[in-house]
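In what follows, a single structure is set out as structure tokens and then discussed.
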Amino acid sequence: METLSIYGATGLVMNMNKKSRVLSGIQPSGKLHLGNYFGMMSRMIEYQEKNDLFCFIVNYHALTTIQDKNELKNNTINAVIDFLALGMDPNKSTFWVQSDVPQVTELTWLLSSMAGVGQMERSTSYKDKIDKGLSPHMGLFSYPILMAADILLYGSDIVPVGKDQKQHLEITRDIATRFNNIYGEILVIPEPDINLETMLVPGTDGQKMSKSYGNTIPIFADENELKKSVMSIVTDSAGINEPKDKDTPLYKIYSLFLNHKDKELLSDRYDTPGLRYGDVKKELLDKIYEHINPYRKKRKYYMANIDDVRQILIKGKEKASIVANEYIEKIRKAMGITY
Ligand code: ADP
Ligand code: TRP
């Protein structure tokens with residue numbers, strides 16, 4: 001698979017004798033969907049096999065859009081359970097909830113003098129949210145600094161994300177470079193890892209699939225919900241005897257579930273008259289079900305055993321804190337926050 005990062009294929013990365021630290025986070029801002037799954041989650045789960053994986057649920061970030069206490073709490077634990085069900089292994093990785101290591105908020109403040117107002121104003125994710133009618137509060141505005149702190153607090157080498165996060169990674173790299181120029185080589189400059197095939201999963205309406213656009217196919221949707229969302233994928237009005245357009249959400253979503261050979265077959269079917277979108281949707285429905293079904297049992301288990309989940313998170317907090325404390329101490333010292 002092609003990627004934008006210099007590191008190349010999945011699974012990779014050995015840096016001399018040291019494993020690379022791969023870190024990414026996801027907001028608990030709603031039900032996780034196939035865009036999250038292909039753009040970030042499944043890749044993280046693969047990475048844990050060969051790398052030093054750090055993965056967390058970024059609930060401080062979600063505060064910028066969710067102000068209902070119970071909704072945030074439920075979303076957070078559900079996101080943790082979704083990850084565990086899909087194969088995140090707390091013994092192979094460091095897996096925690098962002099707010100359990102609050103040193104990240106201190107680092108956000110320490111980095112805020114390295115972050116230009118102009119750069120924050122140019123953040124496309126900030127502009128998108130304001131355009132969608134969210135009030136332009138400071139949380140939304142300084143969101144990229146909190147994300148930079150997330151990445152830099154753990155000395156991350158590689159950050160797997162979807163395309164929408166590319167600019168945030170550029171901001172992080174700028175902040176870290178500025179910091180190192182002033183205070184010495186303390187922060188690791190991270191590389192984004194964006195997979196060209198999965199960087200932008202379309203939603204049922206053809207826009208980017210996103211919790212905030214109401215166009216998602218949730219990973220763990222039940223049969224009815226899944227059927228409803230797959231059947232609602234927009235298609236064009238091409239007649240049965242015409243070849244079909246492949247630059248379309250149905251084709252692109254279906255392709256995500258296919259190996260190289262099956263992708264070619266689907267491509268041929270789209271080129272050949274006679275294809276019915278209704279049939280393709282039914283096949284896609286089966287594919288999604290087949291793909292996700294094996295994970296449902298584990299999800300059910302964790303749902304019924306929340307104490308196990310809490311124990312996992314306590315361990316994750318401990319592991320993440322060791323690294324966070326090391327970095328924050330070095331940073332404080334370098335900046336003169338000591339006496
Ligand atoms: P959402 O837009 O649904 O709120 P997030 O911003 O929480 O999603 O994204 C979490 C992770 O999933 C990020 O790495 C993001 O780049 C990735 N991601 C989200 N939506 C998509 C998508 N449609 N295609 C590919 N990756 C995506
Ligand atoms: N901003 C990211 C998103 O919306 C989530 C995020 C927060 C993140 N902190 C991070 C991703 C650190 C990677 C690394 O998807």
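The values are calculated or read from the model by the stated rules, or taken from the named source; none is laboratory data. Keep in mind it's a predicted model, so treat the numbers as computed, not measured. FYI the Cβ positions are ideal-geometry reconstructions off the backbone, even for glycines, and counts take in every protein chain you see. Each accessible area value is taken on the protein alone, full model and side chains, heavy atoms only, with ligands, DNA and RNA left out. Shrake-Rupley method; radii C 1.70, N 1.55, O 1.52, S 1.80 Å.
Within segment 14-54, the set of residues being more than 11 Å from ligand 1 (Cβ to nearest atom), assigned to a strand (DSSP E or B), out of contact with any Cys (no Cβ under 8 Å at 6 or more places or on another chain) and not β-branched (Val, Ile, Thr) comprises MET14, ASN15, LYS18, LYS19, ARG21, ASP52, LEU53, PHE54.
Could you say which residue among ILE171, ILE151 is open to solvent by less than 10 Å² (accessible area, probe 1.4 Å), under 28 Å from PHE38 (Cβ atoms), more than 8 Å from ligand 2 (Cβ to nearest atom) and modelled with pLDDT of 95 or more? Every option except ILE171 fails the conditions.
Looking at the structure I just gave you, is GLU170 charged (D, E, K, R) and touching a residue at least 60 places away in the same chain (Cβ under 8 Å)? Before you say what the answer is, go through the steps one by one.
Values: charged (D, E, K, R): yes; touching a residue at least 60 places away in the same chain (Cβ under 8 Å): no.
No, not satisfied.
For segment 187-209, the criterion of being within 13 Å of ligand 2 (Cβ to nearest atom) and in a helix (DSSP H, G or I) is met by none of the residues. Checked against the criterion of being crowded, with 16+ Cβ neighbours inside 10 Å and either more than 25 Å from the chain's Cα centre (by Cα) or modelled with pLDDT under 95 (or both), the candidates TYR295, TYR183, TYR251 yield just one match: TYR183.
Give LYS319, LYS333 a once-over and let me know the one that is free of Cβ contacts under 8 Å to residues at least 60 places away in the same chain and assigned to a helix (DSSP H, G or I). I'd like the intermediate steps shown before the answer.
Numbers: LYS319 fails: free of Cβ contacts under 8 Å to residues at least 60 places away in the same chain.
Exactly one residue qualifies, and that residue is LYS333.
The conditions are (1) β-branched (Val, Ile, Thr); (2) more than 9 Å from ligand 2 (Cβ to nearest atom); (3) within 10 Å of the chain's Cα centre (by Cα), and VAL22 fails exactly one of them. Which is it? All conditions are met except number (3). Taking the criterion of being in contact with a Leu (Cβ under 9 Å, 6 or more places away or on another chain) and near ligand 1 (Cβ under 10 Å from one of its atoms), the residues of segment 154-191 that qualify are VAL159, PRO160, VAL161, GLY162, LYS163, ASP164, LYS166.
Taken together, the criteria exclude LYS300 from residues that are open to solvent by 20 Å² or more (accessible area, probe 1.4 Å) and under 20 Å from GLU197 (Cβ atoms).
The one condition from (1) over 24 Å from the mean Cα position of the chain (by Cα); (2) closer than 30 Å to LYS333 by Cβ that PRO243 does not meet is (2). Can you name every residue in segment 154-164 that is surrounded by fewer than 24 Cβ atoms within 10 Å (Cβ to Cβ), modelled with pLDDT of 95 or more and out of contact with any Phe, Trp or Tyr (no Cβ under 8 Å at 6 or more places or on another chain)? If the condition is that a residue be surrounded by fewer than 24 Cβ atoms within 10 Å (Cβ to Cβ), modelled with pLDDT of 95 or more and out of contact with any Phe, Trp or Tyr (no Cβ under 8 Å at 6 or more places or on another chain), then ASP157 is the only one that fits.
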